[in-house]
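Written below as structure tokens is the structure these notes are about.
The values are calculated or read from the model by the stated rules, or taken from the named source; none is laboratory data. Here the structure is a predicted model, which is why all the values come from computation and not from measurement. No Cβ is skipped: glycine too gets one built from the backbone with ideal geometry, and neighbour counts run over all protein chains shown. Areas reflect the complete protein model, heavy atoms only, side chains present, ligands, DNA and RNA absent. Shrake-Rupley method; radii C 1.70, N 1.55, O 1.52, S 1.80 Å.
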Amino acid sequence: LTRHTPMIITIPDVLTPEQVAYGRKILDEAEWVDGRVTAGHQSAQAKDNMQLPEGSPAARELGEMILKALGRNPLFLSAALPLHIFPPLFNRYSGGQSFGTHVDNAIRTVPGTAHRIRTDLSCTLFFVNPDEYDGGELCIEDTYGIQKVKLPAGSMVLYPSTSLHYVTPVTRGARVCSFFWLQSMIRDDSRRSILFDLDLAIQRLGRDLPGNQAAGETAIQLTGVYHNLLRQWAEM
Ligand code: NI
């Protein structure tokens, strides 16, 4: 388990190598448009990349593949406690393209619906490996400084949507990612972080002390604490 900081969480192997390869084939053949279409007013000025049109067949098919994979990923579910997930979008940076410092919009309307999502967590899922391009680091400003993120294909980073972030210029190759947002059942980052830590500790008890009766009883008690905190804090 890699955790850059308490708030920036890496989810390895969200997609299998086969799913990544399939996704890349679709993405290579898809038609890309100027990324400013989904940017807010401030971020439009900072943004220079390409995107798949929202709701295009390619975006829809790969988005469903990603959401299905996330629904089966215990680490993601525990870290994010998702309530609503925005349909995944896709972007591509090459030839020096970058995205300057910005904050993501707080509220997003799901295209084609009246449904609005509060963006608590921002997600970036990588479709290319770090050695395939230079630059293109996702830089996230948090309380501990600037965290630079560049993950293997198939892996994803989750970070608070409240953070300032930017993508450095891609000077060789292409950086192809999916990006989206989610509304968590737990709006507050520090509460969500406490629940995540508690869940990890409970899992560790079962894993490191299998068959130990006292550990088993403690796990049951702590699981009760987990659910009682979730009941206190969850918004739906
Ligand atoms: Ni952003």
Top-ranked residue in the range 151-160 [being outside any strand (DSSP E or B) and buried (at least 18 other Cβ atoms within 10 Å of the Cβ); ranked as farthest from the chain's Cα centre (by Cα)]
A153
Filter pass, G96 being loosely packed, with under 13 Cβ neighbours inside 10 Å, within 23 Å of Y133 (Cα to Cα), more than 19 Å from the chain's Cα centre (by Cα) and more than 14 Å from the ligand (Cβ to nearest atom):
yes
Quick one: in the range 222-236, of everything that is part of a helix (DSSP H, G or I) and closer than 11 Å to M185 by Cβ, which residue is most open to solvent (accessible area, probe 1.4 Å)?
R231
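When you look at P88, is it within 16 Å of the ligand (Cβ to nearest atom) and touching a strand residue (DSSP E or B) at 6+ places or on another chain (Cβ under 9 Å), yes or no? Please lay out each step first, then the result.
Details: within 16 Å of the ligand (Cβ to nearest atom): yes; touching a strand residue (DSSP E or B) at 6+ places or on another chain (Cβ under 9 Å): yes.
The answer is yes for P88.
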For the range 122-140, what are the residues that are in contact (Cβ under 8 Å) with a residue 24 or more places away in the chain and more than 12 Å from the ligand (Cβ to nearest atom)?
L125, F126, F127, V128, N129, E132, Y133, D134, G135, G136, E137
Within the range 214-229, identify whether any single residue is within 30 Å of V103 (Cβ to Cβ) and in contact with an Asp or Glu (Cβ under 8 Å, 6 or more places away or on another chain), and answer yes or no.
no
Checklist (1) surrounded by 15 or more Cβ atoms within 10 Å (Cβ to Cβ); (2) at pLDDT below 95; (3) aliphatic (A, V, I, L, M) applied to I146, failing item
(1)
Restricting attention to the range 166-214, and to residues there that are acidic (D, E) and within 23 Å of V14 (Cβ to Cβ), which single residue is most open to solvent (accessible area, probe 1.4 Å)?
D197
Give the range 181-197 a look and list any residue that's touching a Ser or Thr at 6+ places or on another chain (Cβ under 9 Å) and part of a helix (DSSP H, G or I), or say none.
D189, R192, L195, F196
Please tell me if S163 is crowded, with 16+ Cβ neighbours inside 10 Å, within 16 Å of the ligand (Cβ to nearest atom) and not in a strand (DSSP E or B).
yes
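Residue-by-condition table, conditions (1) within 16 Å of the ligand (Cβ to nearest atom); (2) open to solvent by 20 Å² or more (accessible area, probe 1.4 Å); (3) in contact with a helix residue (DSSP H, G or I) (Cβ under 7 Å, 6 or more places away or on another chain); (4) not in a loop (DSSP other than H, G, I, E, B):
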{"site": "V37", "(1), (2), (3), (4)": "yes, yes, no, yes"}
{"site": "Q45", "(1), (2), (3), (4)": "yes, yes, no, yes"}
{"site": "E54", "(1), (2), (3), (4)": "yes, yes, yes, no"}
{"site": "K68", "(1), (2), (3), (4)": "no, yes, no, yes"}
{"site": "L75", "(1), (2), (3), (4)": "no, yes, no, yes"}
{"site": "A79", "(1), (2), (3), (4)": "no, no, yes, yes"}
{"site": "L83", "(1), (2), (3), (4)": "no, yes, no, yes"}
{"site": "G100", "(1), (2), (3), (4)": "yes, yes, yes, yes"}
{"site": "A114", "(1), (2), (3), (4)": "no, yes, no, no"}
Regarding L125, is this residue of a type outside the set (K, R), closer than 16 Å to R24 by Cα, in contact with a Leu (Cβ under 9 Å, 6 or more places away or on another chain) and modelled with pLDDT of 95 or more?
yes
